[in-house]
Amino acid sequence: MVIYSEQFSEDLESLLYGLVTWEKHPLSFEHAQLYVEDIINIVDTLDTKTFHRNAVYAIHRRYGSKIFACNRNKQTTWYIIYNLDIHGNVYINKIISNHLTS
């Protein structure tokens, strides 16, 4: 089971807003919504993964012990930060882009 934290849900809302209002290249609402839905579809499969990478960077470890890198294009990677329980449930805590990690 994949469970979203309130913080993660807020992050997705901020991401949607940011994509629509981005000064460099704003996306239409529909395109931005599909972008966010693609990320959600990937996140929803994390409980089926057999390998879960440990978080390395301090900014990631602040939000969870595991991380999944979601590559959107050659410039942007979204890091999904989460924890696992002993039953394999995935608790999604945060999403951060490589632009904030570097």
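Summary table
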item: Filtered residues of segment 78-100 (kept if surrounded by fewer than 16 Cβ atoms within 10 Å (Cβ to Cβ), under 13 Å from the mean Cα position of the chain (by Cα) and either farther than 16 Å from Ser14 by Cβ or of a type in the set (Val, Ile, Thr) (or both)); result: Asn98
item: Criterion violated by Glu10 - all others in (1) within 15 Å of the chain's Cα centre (by Cα); (2) outside any loop (DSSP other than H, G, I, E, B); (3) in contact (Cβ under 8 Å) with a residue 12 or more places away in the chain satisfied; result: (3)
item: Pairs with Cβ under 8 Å, 6+ apart, first in segment 83-98 and aromatic (Phe, Trp, Tyr), second buried (at least 19 other Cβ atoms within 10 Å of the Cβ); result: Tyr91/Gly64; Tyr91/Tyr82
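Readers should treat all values here as calculations from the given coordinates under stated rules, not as data from a laboratory. Quantities reported herein were computed from a predicted structural model and do not represent experimental measurements. Note that we place each Cβ from the backbone using ideal geometry, even for glycine, and neighbour counts take in every protein chain shown.
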